Amino acid sequence: DPKVVLVVGATHGTTSTYRSYMNVVAAAAAKYTDNLVKVYSPNATWDRVKAAAQGAKVLIYLGHGNGSPSPYGSWSRDTKDGFGLNKTAGNGNSNTKYWGEWYIQTYIKLAPNAVVILNRLCYASGNSEWGAANPTKSVARQRVDNYGAGFLRSGARAIFAEGITNA
């Protein structure tokens, strides 16, 4: 069975909605595999997500995005273009810590030709944060390229990102 990993990051008041969305995805995935792993906030810590993601053929993430270029200073491999997860387990949905591209490419080894789906997070699909102006086409392309880079280095063959609607 292909391993499918579903991650819901710490997204404050939106977390319960994201868990509901992901449970619909889980029901659909369960029709095709028995190897389904769910890691949801408030227990979606880096250590749990890292362990779950090893060898995943499909990795789906709903959560906060922290990408580049952004209006918040220079790019950091440690915090940009990765996951917004729980800093500590069991402490609610607002204790967000960002694990960036460097962590993804260094510590996660996906199955060969894996597929990554990034849904409803800022920057990954080229978009801005909610309520901010749309970026230029050039900035949007940079954001897409940057967000996918760490996942490609982890073994992904394709990354799909959808910022506003369900992927």
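The values are calculated or read from the model by the stated rules, or taken from the named source; none is laboratory data. All values derive from a computational prediction rather than experimental measurement. FYI the Cβ positions are ideal-geometry reconstructions off the backbone, even for glycines, and counts take in every protein chain you see. What goes into the accessible areas is simple: the full protein's heavy atoms, side chains included, and nothing from ligands, DNA or RNA. Shrake-Rupley method; radii C 1.70, N 1.55, O 1.52, S 1.80 Å.
Here Asn93 fits the description: touching a His at 6+ places or on another chain (Cβ under 8 Å), farther than 18 Å from Tyr72 by Cβ and not charged (D, E, K, R). Within region 142-161, the set of residues being assigned to a strand (DSSP E or B), free of Cβ contacts under 8 Å to residues at least 60 places away in the same chain and surrounded by 16 or more Cβ atoms within 10 Å (Cβ to Cβ) comprises Ile159, Ala161. Among the residues of region 46-71, those that are closer than 16 Å to Ala114 by Cα and part of a loop (DSSP other than H, G, I, E, B) comprise Gln54, Gly55, Ala56, Lys57. Screening region 135-167 for residues that are at pLDDT 95 or above and among the polar types (S, T, N, Q) and picking the one that is farthest from Ser125 (Cα to Cα) gives Ser154.
Open to solvent by 40 Å² or more (accessible area, probe 1.4 Å) and under 16 Å from Asn119 (Cβ atoms), is that true of Asn43? No: the conditions fail for Asn43. Going by what's in this entry, would Thr88 be described as surrounded by fewer than 16 Cβ atoms within 10 Å (Cβ to Cβ) and either modelled with pLDDT under 95 or in a strand (DSSP E or B) (or both)? No; evaluated as a whole, the condition is false for this residue.
Of the residues Thr11, Thr79, the single one that is open to solvent by less than 60 Å² (accessible area, probe 1.4 Å), closer than 27 Å to Ser128 by Cβ, touching a residue at least 12 places away in the same chain (Cβ under 8 Å) and touching a His at 6+ places or on another chain (Cβ under 7 Å) is Thr11. For region 91-110, how many residues are in a loop (DSSP other than H, G, I, E, B) and surrounded by 19 or more Cβ atoms within 10 Å (Cβ to Cβ)? Counting residues in region 91-110 that are in a loop (DSSP other than H, G, I, E, B) and surrounded by 19 or more Cβ atoms within 10 Å (Cβ to Cβ) gives 4.
Of all the residues in region 121-141, those that are farther than 20 Å from Gly84 by Cβ, out of contact with any Gly (no Cβ under 8 Å at 6 or more places or on another chain) and either part of a loop (DSSP other than H, G, I, E, B) or in contact (Cβ under 8 Å) with a residue 24 or more places away in the chain (or both) number 3.
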